[in-house]
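Single-structure report; data block below.
The values are calculated or read from the model by the stated rules, or taken from the named source; none is laboratory data. Everything numeric in this text was worked out from a predicted model, so none of it was measured. Here the Cβ positions follow ideal geometry from the backbone for every residue, glycine too, while neighbour counts run over all protein chains shown.
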Amino acid sequence: MDYKKLINPKSIVIVGASDNILKPGGSVLHNILGGTFDKDLYVVNSRGGTIQGVKAYTNIEDIPQTDLAIISIPASQCVETVGFLANKKGVKAFIVFSAGFSEESKEGAIQEKELVEVVNKAGAVMIGPNCSGFFNTKHQSIFTRPVPSLDTNGVDIISSSGGTITYIIESAMRIGLRFNSAWSIGNAAQVGVEDILEYLDNEYDPKSSPKIKLLYLEKIADPDRFLNHSSSLINKGCKIAAIKSGSSSSGSRAASSHTGAIASSDSAVEALFRKAGIIRCYSREELANVAAVLTLKELKGRKMAIITQAGGPAVILTDALSKGNIDVPEMNKDLAAELKKHLLPGAAVSNPIDIIGTGTGEHMSTCIDFCEKYFKEIDGIAVIYGNPGVSNVAEAYDMLDEKIKTSKLPIYPILPSVIAASSEMESFVKKGHVNFTDEYALANALSKVVSWTPPSVGKIEDIPVDIPRIRTIIDKAPNGYVDSEIVKQLFDAAGIPQVQELVTAHKEEAIAFAEKIGYPVVAKCVGPVHKSDVGGVVLNIRAANHLALEFDRLMKIPEATSVMIQPMLSGQELFIGAKYEPTYGHIVLCGLGGIFVEILKDVASGLAPLSFHEATSMVHSLKAYKIIKGTRGQKGLNEKLFIEIIVRLSVMLRFAPEIKEMDINPLLANEEKVTAVDARIRIEK
């Protein structure tokens, strides 16, 4: 697909142009006239005359040959109009504002399909329909406002929603972000997010292309292409941050009513983003703040100095950084005493460094220089400086501007006085800086950036898993939840440690096995899917007569076919599960086991096959990771083996797409072993 006429057109026609800038056809003309486009511009309106000072053609038949057409007319007229422009006027790029297509009705969906057929047949490219447009540094063919500051080194943004892209841009402008391009894809009838990522990937130049991409997504139509091109861009030096909405059932309904999007499960999105190396965000403000962090020098560690003019915000920032596993280390007492000599009485210097409300820009500057030269434990500096009414803010911001440009460490400006110092903040931002007006927002964004993990695409770990045996077992297995013997065979082939067990319908065999392995034992009914719900699990059986009684009871449970006997093991319960998602593949989940999975829902997800790096990132992202690592005198679990089991299962799943659901709950773990105790697998061929 050739995007040249969209990216850099020599001529543009607006069909449906208007003098009314509150209409899309009028607003886009206003934006183009006030923007950077300096080539041939034509407008079409049946009334003729002039529109916003531009001669209006009454009919599309009268316009010259044109590169790009912006369509702002009723949906019913679009197919014929686009067909004429493509076939008779040489138009090779279209931006279709018109709504009333697949997002509205079945009839609209049919018209949309016809529109795409016309465009494809002509070898043209089309953004929309039902979109707000496109802009870059060459032309601003978008009907929403404001148009932000443009910079070829600014960020690129792609959005499923025209309104949302506008609000994200506003959030970003407020903190100083600049933009290279914006793509509002609307219904994405021909050009979707995957197509744009492919274009950006193919055209990427490490020396000149923008390094930051922002995405607002309501659907991911082709996860494989999305993964391929987003990870490729990241491996070339880009950073991508994204919001994926419509992951909840209610959000899915809202997304469907908006653009006809189909929501993916949240775990699938999480897994896809993790594998691609995309930083996931959940709000417009968060997306903008993450992008702002990415524009600054890289924080190469996790230790920060805080220089502040007010104590409270520094405490909030310290707590928030700590929550994101970023440390605010205490300054050496001798160093602190030396720094204090250069500050006002009452200043606190242990870190955070509080220069107090009457502290000047000179004091702030002194602290930055001192930290960079002597405070070797830190990797970056956050500066909180507002206008309490007793300081020269303009002078301070000029000094901060200079320090950000010359410092080797990244400096994060938090300028909170959005009213009292609004003009000074605006001047600071115009010098090319970003500004975090809220300390918690900075900490949250910074923690996401420093926790980023690189893409892990197409990599299958070189680990001994018997794939031919797994395929043989799967091919012979029936559909549905398979019996424990098949589960055992699959785990043996994958190298998963398992507890000793016997499945039998004969009480004497069960007692003999228990005598062999030693009491206490566990007895479980085989047959019902949820054993615990029907009283099908008995723990801590310590004698043969007790086992005999429980065996008889378990066999009477409806659907029970036999009883499983296992040794009674102790340890922390862990969980690994997997679910096959159409178009995504297997989503692998891990977390604490037992009730923790269902009640706390503290699980991490990844897309099979998983690398050791990915599986490690999943485990470390758990809120319960401190339990796995060991805390408050308790020994840690065998994290390395837990991660290995996750990787082994992901490799098995990669070669067994017939496995639609699987969970091991629990695995019992201690500092030495991690053992699968109970598992279920559902096969669907």
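So is residue 28 touching a Phe, Trp or Tyr at 6+ places or on another chain (Cβ under 6 Å) and either within 17 Å of residue 116 (Cβ to Cβ) or not aromatic (Phe, Trp, Tyr) (or both) or not?
On the way: touching a Phe, Trp or Tyr at 6+ places or on another chain (Cβ under 6 Å): yes; either within 17 Å of residue 116 (Cβ to Cβ) or not aromatic (Phe, Trp, Tyr) (or both): yes.
Considered against the rule, which asks whether it is touching a Phe, Trp or Tyr at 6+ places or on another chain (Cβ under 6 Å) and either within 17 Å of residue 116 (Cβ to Cβ) or not aromatic (Phe, Trp, Tyr) (or both), residue 28 comes out as yes.
So if I check each of 489, 500, which one is assigned to a loop (DSSP other than H, G, I, E, B) and either buried (at least 20 other Cβ atoms within 10 Å of the Cβ) or over 35 Å from the mean Cα position of the chain (by Cα) (or both)? Break it down into steps so the answer makes sense when it comes.
Numbers: 489 fails: assigned to a loop (DSSP other than H, G, I, E, B).
None of the others qualify; the one that does is 500.
Kindly evaluate residue 189 against the criterion of being farther than 24 Å from residue 238 by Cβ, in contact with a helix residue (DSSP H, G or I) (Cβ under 7 Å, 6 or more places away or on another chain) and without any contact (Cβ under 8 Å) to a residue 60 or more places away in the chain.
The answer is no for residue 189.
This table checks each residue for (1) surrounded by fewer than 24 Cβ atoms within 10 Å (Cβ to Cβ); (2) under 28 Å from residue 121 (Cα atoms); (3) of a type in the set (A, V, I, L, M).
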site: 150; (1), (2), (3): yes, no, yes
site: 161; (1), (2), (3): yes, yes, no
site: 165; (1), (2), (3): no, no, yes
site: 174; (1), (2), (3): yes, no, no
site: 181; (1), (2), (3): yes, yes, no
site: 184; (1), (2), (3): no, yes, no
site: 194; (1), (2), (3): yes, yes, no
site: 201; (1), (2), (3): yes, yes, no
site: 212; (1), (2), (3): yes, no, yes
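With the structure loaded, tell me whether residue 271 is surrounded by 19 or more Cβ atoms within 10 Å (Cβ to Cβ), at pLDDT below 90, under 19 Å from residue 582 (Cα atoms) and within 15 Å of the chain's Cα centre (by Cα) or whether it fails that test. Talk me through it step by step, then tell me what you get.
Numbers: surrounded by 19 or more Cβ atoms within 10 Å (Cβ to Cβ): yes; at pLDDT below 90: no; under 19 Å from residue 582 (Cα atoms): yes; within 15 Å of the chain's Cα centre (by Cα): yes.
No; evaluated as a whole, the condition is false for this residue.
Out of (1) in contact with a helix residue (DSSP H, G or I) (Cβ under 8 Å, 6 or more places away or on another chain); (2) on the phi > 0 side of the Ramachandran plot, what's the single condition that is false for residue 486?
Here residue 486 clears every test but (2).
Can you confirm whether residue 627 is closer than 21 Å to residue 452 by Cα and assigned by TED's automatic domain parsing to the domain that holds residue 658?
Here the answer is no, as residue 627 does not meet what is asked.
Suppose we filter the range 516-567 for residues that are part of a loop (DSSP other than H, G, I, E, B) and surrounded by 15 or more Cβ atoms within 10 Å (Cβ to Cβ); how many remain?
Going through the range 516-567 one residue at a time, the tally reaches 8.
Can you tell me how many residues within the range 202-235 are within 26 Å of residue 587 (Cα to Cα) and among the basic types (Lys, Arg)?
3
Against the condition in contact (Cβ under 8 Å) with a residue 40 or more places away in the chain and under 18 Å from the mean Cα position of the chain (by Cα), how does residue 177 come out, does it pass?
Working: in contact (Cβ under 8 Å) with a residue 40 or more places away in the chain: yes; under 18 Å from the mean Cα position of the chain (by Cα): no.
Answer is no for this residue.
So residue 329 clears everything in (1) within 30 Å of residue 620 (Cβ to Cβ); (2) over 34 Å from the mean Cα position of the chain (by Cα) except one condition, right? Which one?
(2)
Hand me the list of helices (runs of 4 or more DSSP H) wholly inside the range 295-379 holding 1 or more residues that are of a type in the set (Phe, Trp, Tyr) and crowded, with 17+ Cβ neighbours inside 10 Å. I'd like the intermediate steps shown before the answer.
On the way: elements: 311-323, 333-340, 361-374.
Answer list for the range 295-379: 361-374.
Would the range 602-617 turn up any residue that is within 20 Å of residue 572 (Cβ to Cβ), among the hydroxyl-bearing types (Ser, Thr, Tyr) and either modelled with pLDDT under 90 or surrounded by fewer than 16 Cβ atoms within 10 Å (Cβ to Cβ) (or both)?
No, the range 602-617 has no match at all.
In the range 378-403, which residues are closer than 16 Å to residue 292 by Cα and free of Cβ contacts under 8 Å to residues at least 40 places away in the same chain?
401
What is the one condition in (1) touching a strand residue (DSSP E or B) at 6+ places or on another chain (Cβ under 8 Å); (2) in a loop (DSSP other than H, G, I, E, B); (3) surrounded by 14 or more Cβ atoms within 10 Å (Cβ to Cβ) that residue 478 does not satisfy?
Only one criterion is unmet by residue 478, namely (3).
Does residue 579 meet the test of being assigned to a helix (DSSP H, G or I), under 27 Å from residue 638 (Cβ atoms) and of a type in the set (D, E, K, R)?
So residue 579 does not fit the description; no.
When you check residue 101 against the structure, is it touching a helix residue (DSSP H, G or I) at 6+ places or on another chain (Cβ under 8 Å) and either over 27 Å from residue 21 (Cβ atoms) or in a strand (DSSP E or B) (or both), yes or no? So that I can check it myself, show each step before the final result.
Working: touching a helix residue (DSSP H, G or I) at 6+ places or on another chain (Cβ under 8 Å): yes; either over 27 Å from residue 21 (Cβ atoms) or in a strand (DSSP E or B) (or both): no.
It is false that residue 101 is touching a helix residue (DSSP H, G or I) at 6+ places or on another chain (Cβ under 8 Å) and either over 27 Å from residue 21 (Cβ atoms) or in a strand (DSSP E or B) (or both).
Taking the options 84, 94, name whichever one is under 18 Å from residue 124 (Cα atoms), in contact with a strand residue (DSSP E or B) (Cβ under 8 Å, 6 or more places away or on another chain) and without any contact (Cβ under 8 Å) to a residue 40 or more places away in the chain.
94
Please work out if residue 445 is at pLDDT below 95, touching a Phe, Trp or Tyr at 6+ places or on another chain (Cβ under 9 Å), among the small types (Gly, Ala, Ser) and surrounded by 15 or more Cβ atoms within 10 Å (Cβ to Cβ).
Here the answer is no, as residue 445 does not meet what is asked.
Run down 548, 560, 510 and say which single residue is touching a strand residue (DSSP E or B) at 6+ places or on another chain (Cβ under 9 Å), over 30 Å from residue 628 (Cβ atoms) and at pLDDT 95 or above.
Just one listed residue meets the conditions, 510.
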